[in-house]
Amino acid sequence: MSAAETRSLLTGNHAVAWGARLARPKVVPVYPITPQTPVLELLTEFQAAGGLDAEFLTPESEHSVMAACIPASLAGARVFTATASQGLMLMHELLHYASGARAPIVMANVNRTVASPWAFWPDQTDSLAQRDTGWVQLYVESAQEALDTVLQAFRIAEAVSLPVMLNLDAFYVSHALEPVHVPPQALVDAYLPAYAPEHFLDPERGESWGNVVTQDMYRRHRKSLGEAMARVPEVAAEADREWQALTGRGWGITERYRCEGADLVIVSLGSMCGTAREAVDALREAGIAAGLLKVRLFRPLPAAELRAALAGVRDVLVLDRNFSPGAGGVLHQELRGALYGMKHAPDVRGVLAGVGGVNVSAAMIAELARGARIEDIVPEAVWA
Amino acid sequence: MGLMTDLLCSGHAACPGCVEALSLRHVLGALGPDTVAVIPPSCLAIMAGPQPLSGLRIPVYQPALATSAASASGLRRALDALGKKDTQVVVFAGDGGTYDIGFQALSSAAERNENILYVCFDNEGYMNTGAQKSSSTPHFARTGSTPAGKPTRKKNLTAIMAAHEIPYAATASSGFLPDLLRKVEKARAIRGMRLITLLVPCLDGWGVPEDQGIALARLAVQTGVFPLYEVEDGYRFTLNEPHKSRPVRDYLEGQRRYRELDEGVVATLQREVDEGWARLLARL
Ligand SMILES: Cc1ncc(C[n+]2csc(CCOP(=O)(O)OP(=O)(O)O)c2C)c(N)n1
Ligand code: SF4
Ligand SMILES: [Mg+2]
């Protein structure tokens, strides 16, 4: 651990802003939305005070924010933005545009319910509904992880030329104050050198982007996008290992908590994992061999890692703080897909827990886990 | 025309005789090579060509239809951050991409006074999708989505943009080339948001013969249907030559989009043009 590291009390949002500041982005287009607004406010304060030398744009909508991000990135600038919920929804057209343009933009999304009706609570349907847009997706559990992940996200994005979205739950992470280690600038500069892409928009080079392509060119382009995605688990793991070597903090692309000898494993994303840890401790104390598998990298889904982590496990309980009407919990579906065809695959149960931001206590999770061991498996996710 | 180098290559895929392609070539020539263009879906994007070819000898970024002004803003800021402050960022967009779906982003970029030159190639309809109306389509003109004639009047983009008090807003016509080139050169030298609304007859969409495009672009000005003027900082109006000197009927004849207009409609259009002209004179 570096001696020059400072320790501060930060919310998840402010930790994101600190991460962004340390990454030295050159262009930051951004639009306010609850509960992301403190990210925007702190970044603009940094800039006003001279701590962040970036071009700030505050256009009329998130659609224009992402529209501005893409060619700024293609011109060769490092680009950061942040949004939540409706803002992410409004960007949808341009999320595809960004990955198609292979623009390594990093965006923080604060997971909040999507309207209608209007609500402001933690719920991951907003980002999970973007799973097919070609963005790498990471989910974090704490303010510290949020800060570290912003920096890792740029490493990943620029290594594979894909945009990266890091997701933090509304309020539980975005607004909760925690002690956070803020690494020194020199450490970050060594970890994340200035962005220097091979291709960029410049009159001296004459390269263009977006012109109409043939069927075959389009197909090849999509295929290469898929190949870049396929490299992400290894690239992300390496970015995390290097970060750990520098700071002592590593998060993994997945994390196994007390999974040794577990016959029941809880699987979830984001802040739910913090509560699930407590439930696992309680279950272990009660003599039940339970563990937690936290999925930090959700897109691409690290299927090989998940299969390895769950090999030999009898029961899996997926907790989804999101809802895809007609399909159920998104992580539940995805995990079943990843385990399909695996020899002696575990029984996978899905529970819609915490949808709309309702509180899910450690006791509730422990109760659900006990039920999972005795009740018959059903293919659909059930409402907690 | 000393700057005229061919930055638009031959062999682009616009309709034969397309006035828009001709105007694009001249506008590019006046801008010069230290320019990056933002071209949303439109006939202009067809001229920019299919990958891996490009019809333009400058870099082109083709954004989503609603996003030209926002994309140009992001590009501008990135070039600024990278120390390329003298490179021009120019938008070449159609009227649909400007008056309609891209308008919110354009208004915002104007309010922020982004340092971009926005040239709207106004052919008064969605031509790339087969000639449907836009909010730039004039009163009574028939289009694919207004088969009985458009029931409402053309939106006044230049006036709306001037009302944002941007440094420069002007109209131009492909029928008056020296005036157009002077305006491009003038706009090029100004910093901040600049708009040129360039009237370009569409042969196909307006229903005019291949050799009549330029003549119509001139008639639109001579009849006062599309006056040439400049507005600096939102209030300094300059009226450019030529002024209104002919009846609107001379312009309507020979365009299939105005076929079968009865006398009452022609009189209505004449009254609208006369009133518009008087309002413009009052602002000088
Ligand atoms: C979001 C979206 N909606 C619809 C389209 C289809 N579209 C492509 S070009 C165009 C019309 C453009 O009209 P205009 O801007 O006037 O350009 P012109 O074709 O006349 O040159 C439309 C509707 C699109 N590309 N994107
Ligand atoms: S449709 Fe009209 S504007 Fe488009 S290429 Fe043809 S003539 Fe030109
Ligand atoms: Mg048009």
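The values are calculated or read from the model by the stated rules, or taken from the named source; none is laboratory data. Quick caveat: nothing in here was measured; it's all calculated off a predicted structure. Methodologically, a virtual Cβ is constructed for each residue, glycine included, from the backbone with ideal geometry; neighbour enumeration extends over all protein chains shown.
Looking at B:66, B:14, can you tell me which residue is under 25 Å from residue B:204 (Cβ atoms) and within 16 Å of ligand 2 (Cβ to nearest atom)?
Sole residue among the options that is under 25 Å from residue B:204 (Cβ atoms) and within 16 Å of ligand 2 (Cβ to nearest atom): B:14.
Would you confirm whether any residue within segment A:87-94 is farther than 14 Å from residue A:133 by Cα and in the same structural domain as residue A:39 (by TED's automatic domain parsing)?
As a first pass, look at segment A:87-94 and keep what is farther than 14 Å from residue A:133 by Cα: A:87.
The next check asks that each one be in the same structural domain as residue A:39 (by TED's automatic domain parsing); those that pass are A:87.
Among the residues of segment A:87-94, at least one is farther than 14 Å from residue A:133 by Cα and in the same structural domain as residue A:39 (by TED's automatic domain parsing), which makes the answer yes.
Hey, does segment B:44-53 have a residue that's of a type outside the set (A, V, I, L, M) and not in a loop (DSSP other than H, G, I, E, B)?
yes
Which ones in segment B:100-132 are in a loop (DSSP other than H, G, I, E, B) and either crowded, with 24+ Cβ neighbours inside 10 Å or more than 13 Å from ligand 1 (Cβ to nearest atom) (or both)?
Of all residues in segment B:100-132, those in a loop (DSSP other than H, G, I, E, B) come to B:101-102, B:112-116, B:123-125, B:127-131.
The answer is B:102, B:112, B:113, B:114, B:115, B:116, B:123, B:124, B:125, B:127.
Just name the residue that is farthest from residue B:76 (Cα to Cα) out of those in segment B:113-130 that are touching a helix residue (DSSP H, G or I) at 6+ places or on another chain (Cβ under 7 Å) and away from ligand 3 (no atom under 15 Å from the Cβ).
My answer is B:117.
Checking the conditions here, which among A:287, A:291 is assigned to a strand (DSSP E or B) and farther than 25 Å from residue A:121 by Cβ?
Details: A:287 fails: assigned to a strand (DSSP E or B).
Just a single option satisfies the conditions, and that option is A:291.
Report whether or not residue A:58 is under 27 Å from residue A:201 (Cβ atoms), among the polar types (S, T, N, Q), crowded, with 24+ Cβ neighbours inside 10 Å and within 11 Å of chain B (Cβ to nearest Cβ).
Considered against the rule, which asks whether it is under 27 Å from residue A:201 (Cβ atoms), among the polar types (S, T, N, Q), crowded, with 24+ Cβ neighbours inside 10 Å and within 11 Å of chain B (Cβ to nearest Cβ), residue A:58 comes out as no.
If you take the residues of segment B:90-137 that are of a type in the set (D, E, K, R) and within 14 Å of ligand 2 (Cβ to nearest atom), which of them is nearest to the other protein chains (Cβ to nearest Cβ)?
Going through the qualifying residues, I end up with B:95.
Across segment A:1-58, what is the total count of residues that are among the β-branched types (Val, Ile, Thr), in a helix (DSSP H, G or I) and over 19 Å from the mean Cα position of the chain (by Cα)?
1
State whether one or more residues within segment B:66-78 are assigned to a loop (DSSP other than H, G, I, E, B), farther than 23 Å from residue B:185 by Cα and within 9 Å of chain A (Cβ to nearest Cβ).
Scanning segment B:66-78 turns up no residue that is assigned to a loop (DSSP other than H, G, I, E, B), farther than 23 Å from residue B:185 by Cα and within 9 Å of chain A (Cβ to nearest Cβ).
Write out, first by first residue and then by second, each pair whose Cβ atoms fall under 9 Å of each other, whose residues are 6+ apart or on separate chains, and whose first residue, in segment B:158-183, is at positive phi while the second is buried (at least 19 other Cβ atoms within 10 Å of the Cβ).
B:165/B:110
Within segment A:157-171, can you find the residues that are over 12 Å from the mean Cα position of the chain (by Cα), of a type outside the set (Gly, Ala, Ser) and surrounded by 24 or more Cβ atoms within 10 Å (Cβ to Cβ)?
Residue satisfying the conditions is A:162 alone.
Based on what the data block shows, is residue A:326 outside any helix (DSSP H, G or I) and in the same structural domain as residue A:290 (by TED's automatic domain parsing)?
Numbers: outside any helix (DSSP H, G or I): yes; in the same structural domain as residue A:290 (by TED's automatic domain parsing): yes.
Against the criterion (outside any helix (DSSP H, G or I) and in the same structural domain as residue A:290 (by TED's automatic domain parsing)), residue A:326 qualifies.
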